[in-house]
1. Percent antiparallel among DSSP beta bridges with both residues in chain B, to the nearest 5?
2. For helix B:43-58, what angle does its Cα long axis make with the longest principal axis of chain B, in degrees from 0 to 90 and rounded to 10?
3. Shape call for the stretch A:1-145 from the C-alpha gyration tensor, a ≥ b ≥ c root eigenvalues: rounded (a/c under 1.5), prolate (a/b greater than b/c) or oblate?
4. Out of the DSSP beta bridges found with both residues in the protein assembly as shown, what percent are antiparallel (nearest 5)?
5. For the residues C:Leu172, B:Leu110, what sequence is obtained by ranking on other C-beta atoms within 10 Å, fewest first?
6. Amide H of B:Gly147: which non-local residues (sequence gap of 5 or more, or other chain) have their own amide H closer than 5 Å, using H built in the peptide plane?
7. How shielded is B:398-411 by partner chains, expressed as the average number of their Cβ atoms within 10 Å of its Cβ atoms?
8. To the nearest 500 deg cm²/dmol, what mean residue ellipticity at 222 nm is calculated for chain C from DSSP H runs of n ≥ 4 alone, each contributing -39,500 (n - 2.57), summed and divided by the residues?
Amino acid sequence: MAPVSVGSTTAPRRAVSAAAAYGVLAVVAVLFLVPFGWLFLASLNAEAGLTTEPPAEFTLRNFAEVLNPDNLRAFGNSFVLSGGAALLTLLVATPAAYPLSRYNLRFGRPVLYALLFSTGLPITAIMVPVYGMFVQLELVDSVPATTLFLTATGLPFAIWMMKNFMDGVPVSLEEAAWVDGASAWKALVRVVLPLMLPGVTVVFVFTFMTTWGNFFVPFVLLLAPEKQPAAVTIYQFFGQQGEVAYGLLAAYSILYTAPVVALYALVQRTLGGAFAMQGAVKG
Amino acid sequence: MRRFIGLAMAAGLAVTMAGCGGGSESGSNELKIVYQKFGTYIHLDVMLRRLKPVFEQQNPGVKLKLIPVTANDADYFSKVNLMRRSASSAPDVVYEDTYVINSDVKAGYLRPLDEYLNTWPDWGQFPDSVKQGVKALDGKIYGVPMGTDTRGLWYNKTILKKAGVTLPWRPKTWDDVLATARQIKARVPDATPFNMYSGKPAGEASSMQGYEMLLYGTDHELYNSQSAKWVAPSKGMTDSFRFIKTVFSEGLAPKPAVALDKNLNTIVTTQLFPKNKLGIALDGSWLSSTWQKAGEAPWPEWQDTIDVAPMPTQNGQAPGKTSMSGGWTLAIGAKSKNPGAAWKFVALALNRENSLNYATTAGQIAVRDDVGKDPAYLNANPTNKFWTDLVSATHYRPAYAEYPEISNQIQKEMESVMTGQESPEEATKRLTESIQKIVGAEKVEAAG
Amino acid sequence: MAASASAASPRPAARPARGRRGSALGWAIPMAPAAGLLALFFVGPILWCFWAAFTNLALTGASASDPEMVGLANFREMFADGDFYSAAMLTVAFVAGSAIIGQNCLGLILAMLMRSRKAVVRTVVGGIVVSAWVVPEIVAGFMWYAFLADEGTLNSALTAVGLPANEWLYELPLLSVIIANVWRGTAFSMLVYSAALSEVPDDLHEAAAVDGASAVQRLRHITLPLIKRAAMTNLMTITLQTLSVFTLIFVMTGGGPGIKSQTLPLYMYQEAFKFSQLGYGTAVAIVMLTIGAVFSAIYLRLLRNEV
């Protein structure tokens, strides 16, 4: 590759297209931000309703009220459930995806497709037999068992995504590692995984996210109120006749959203590193 | 073969986890109390937590396990029903809506309470109309009522005064209501004269606060308990649809885009009423709780502006006013291993003192006569006496498994009438056909 | 340069690794934990659903304790119900509009635009888009309701600049919920495409640019073939996820006015939980599953035939 020959002709055009790209990104960002207007204004309004209007007086009372020990515990529970499920999913899905990606398995794909389509079954329908099973196994109200079930529901998607990202890593790189005497497992961990780190991240974030927002599974499988995650306790702001404490709900939602956005930002920085490493491997 | 290895591994995991599951094994000395704790509705939770040590001291050896369920009604029912499907997780005492009692009895979830009630002196404090609401088709009682709600007209005094209406306003017939609404429309053009829930987005509020508040003020009801048949078609049905047509076609109600708004109840309590943009609302007794200091939209001075009136019957037929009621009970699970202790708990939780406490804190309309007369209850909210007096004229929805589906059809026909797609007569005809389809033609009778 | 050359050749999907085929243990052991978890927690419940769809099972009432087999009655009833057809059509339109067209295209565009931009821009723009994804669904519903309602933000803004206000949720309920769902779900497509694009080597693009290929040509001949698999993963995932969107629509329109935004999940919720006909509801769920499978089959076919 000879960058010298590229420079003079394409540079101005590149600058223009970069400017255009930044312009479009800015517009999209603004459009995505606008609906948040209500959320932010309501969170600072002690008497919030469903109209987007600046509060008569700005107050942090909603946040102060929402940040009570019960809610903090609920957020903690969410971290345990979502983090646990996301990590377990990676641990289980990665080895499972490997044979699917690297071998010609006769039954592998049909089974996977069937499971994948089954995730289209609304969770509400599945919970009836699942609850019965949890009662049989005496697992109701157990956080580890609920985490494991959440892992299982996320697995078909995770394996499927993982397999496709793994397909993107050329076999030739692994073969080089084998020649050097590495086992398949070592090749997977040392060569394949680093190369598909962006994909692995997507799987992790996706699993974490869907678990973080999952209401019905923990709602049904956990009994004790002190074990419930934030997705369940959010209903504390709703009333029986449809009345809603919008201000508190908005403040709670902002706190609920923040950790995952932080996770994303963190991943972005880590990925920056991944890109560099990838470059190094390819160089 | 390998599948089995996997299975065995997973099963092993499951067994290991069962150890740390905890709490799922329960002796008969433990009573499981399952109830709703939803949003602002924390009062039952507060009360039960307070009663737990009291009860455990009175009944040595029996432990209470409180299981609050944070969810809306539909999700609450789903979870409780799931728990009841398995003997080991079935609750001993459950917070039960009167209106699902019949279907839960059919499902074998509930235990009749007659043997206990016969010797319970307090039972005499419950009026017959209330006892009817907890009696199942087999004639047995399955729950002890905790409180109820009623429905009627809320109105904005400022707007009615501006429109030249004499206060306090007491309409005697539907026509009085319409006349006042027309007067508001003419003289206070920037206000919506009248609101009633109608159509599918508002759901059960449309059927109960809207359509049935009309229908049960005519000469016909939705269900004839003597003949055990649904009543359709009836003149009352068509007249009720005609009222809806009048209100919407004359522009006395919010425009369709607002009337069919999913969040109409929020618009009414936080925007229309406090901002003097609504004259009259056909709504529930709980409306003012939103405006209390601890409510969702505090408006402590609401009493200066807002007053209440009973919903009149169609032509002023006796008793001149009408209302609809729902209400919740404490019931005992059919699979309870210790029903005697469970009953003791119900009797404690709903004695005079605790019922009074619950009615005042939870903003419930009292069902016990002694509580209804208590000054502490009557002074808790200035409208309490008004709403409690309506209990004498109130009606309950037909508590049958088919009702939700029929209610859905009512909402659908209301919506067709309010948007002008159907005449009142057509709506009655279509509703009759739907009811016949849902319950079977032999269980439907025509009237008027 | 060798690695770059191998990356440039279209990578075959599942190429068997030579000499490592016959060993059954080679695939059985790594797959065992996943197979075990799925067998324990997933397969049984799914089979149960297929059984329940042919019964009159309910969560309460007489058939709660004693459900009966009713054969195809649930399906017959469903196919005789006009509301069901409406719900099925609306669901297909909702999936096509919000997932396949909206989220998928917008996600790809965002990923391409953000590629090789400054890290801070990627984090900020990406963070905003991801926030929309993370907000609890019920709150996202309220946010969009507040935005589109009769006296909502959008109408206030329109009247402020002299444009006519519109009754969005009443006149255009389906479009309203589609836009809200695009807003909510685009982040996932963006993440998937960003990950896929990061595997497309930069130098390949530059080489093509030197050869005089236009941006469109580069997209068509270099980028798209290389992200084919990612596109499939993405389409399949978002289709299945969008099929079951419930809360967002429920909060914004409740399925109304009438049944103009009542998709299959709302229809199923009404039947299974409001009317407590679990058997019938499960039959609806199986139809949803079938729709998902049809979409997926189309993706598999399309992507196999390409290139």
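Where a number appears in this text, it was derived from the coordinates with a stated rule and is not lab data. Everything numeric here is computed off the predicted structure, so don't read it as measured data. Cβ atoms come from the backbone with ideal geometry, glycine included; neighbour counts cover every protein chain shown.
1. On the way: 26 of 43 bridges.
The antiparallel fraction comes to roughly 60 percent.
2. 40
3. Numbers: a/c = 2.61, a/b = 1.08, b/c = 2.42.
Oblate shape, in that a/c is at least 1.5 and b/c is the bigger or equal ratio.
4. Working: 28 of 45 bridges.
Antiparallel bridges: around 60 percent, rounded to the nearest 5.
5. Numbers: C:Leu172 16, B:Leu110 26.
With the sparsest Cβ surroundings first, the list reads C:Leu172, B:Leu110.
6. Those qualifying (amide H under 5 Å, at least 5 residues apart or on another chain) are B:Trp328.
7. On the way: counts 0, 0, 1, 9, 2, 1, 6, 6, 1, 2, 4, 0, 0, 1.
For peptide B:398-411, the averaged partner shielding equals 2.
8. Details: 18 runs with 200 residues, N = 307.
After summing the helix terms and dividing by residue count, I get -20000 deg cm²/dmol.
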